[in-house]
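Working notes, beginning with the structure itself.
The values are calculated or read from the model by the stated rules, or taken from the named source; none is laboratory data. Here the structure is a predicted model, which means the values were calculated and not measured. Every residue, glycine among them, receives a Cβ derived from its backbone with ideal geometry; neighbour counts consider all protein chains shown.
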């Protein structure tokens, strides 16, 4: 019961943050698709692209969920908030969620990384899934995106 309360509180706080963030113009847009499967622990993997300041940056996404069962294909479109430097986009994003999909479904999610970047996603799912926990996703730029873009390498020069 404590876990359920904690998940509810996190979802409410994330929803309030998303509502405030959406009052202003987004800093970037993204799209990605992934496939997830799970039996208590779930794993997802996919790829997508970020559009930021007129440039397009391909990225990969992978994640782990707890308390999940099923197999789904997800297609998501999203708005990115609090992104000032392209180097702040990659990282681990966290979310608490509950979902039930049979056949086809959809929903929204709000995720945040350790640098404060927030993603507000609208997604469509196909498959069968029951998720009662939370999890996170890791986003990494594709090697070609970071090697060819001066903006992408500029933020990582001192690291």
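General observations
- The condition of being at pLDDT below 95 and part of a strand (DSSP E or B) holds for only one of 10, 80, 66, 61, that being 66.
- Condition met for residue 30 (modelled with pLDDT of 90 or more and farther than 14 Å from residue 68 by Cβ): yes
- Residue in the stretch 137-148 that is within 27 Å of residue 24 (Cα to Cα), at pLDDT below 95, in contact with a strand residue (DSSP E or B) (Cβ under 8 Å, 6 or more places away or on another chain) and part of a strand (DSSP E or B) present: yes
- Any hit, the stretch 116-123, residues being surrounded by 20 or more Cβ atoms within 10 Å (Cβ to Cβ), touching a helix residue (DSSP H, G or I) at 6+ places or on another chain (Cβ under 7 Å), modelled with pLDDT under 95 and more than 28 Å from residue 69 (Cα to Cα): no
- Lone unmet requirement of (1) at pLDDT 95 or above; (2) touching a strand residue (DSSP E or B) at 6+ places or on another chain (Cβ under 6 Å); (3) at positive phi for residue 50: (3)
- Checking each residue of the stretch 113-120 against the condition of being free of Cβ contacts under 8 Å to residues at least 24 places away in the same chain, more than 11 Å from the chain's Cα centre (by Cα) and farther than 25 Å from residue 56 by Cβ gives no match.
- Residue count, the stretch 100-115 (criterion: more than 19 Å from residue 26 (Cα to Cα) and surrounded by fewer than 19 Cβ atoms within 10 Å (Cβ to Cβ)): 7
- Being free of Cβ contacts under 8 Å to residues at least 24 places away in the same chain, part of a strand (DSSP E or B) and either touching a strand residue (DSSP E or B) at 6+ places or on another chain (Cβ under 7 Å) or farther than 18 Å from residue 49 by Cβ (or both) is a property that holds for residue 106.
- Conditions (1) over 17 Å from residue 31 (Cα atoms); (2) under 14 Å from the mean Cα position of the chain (by Cα); number of the one not met by residue 89: (1)
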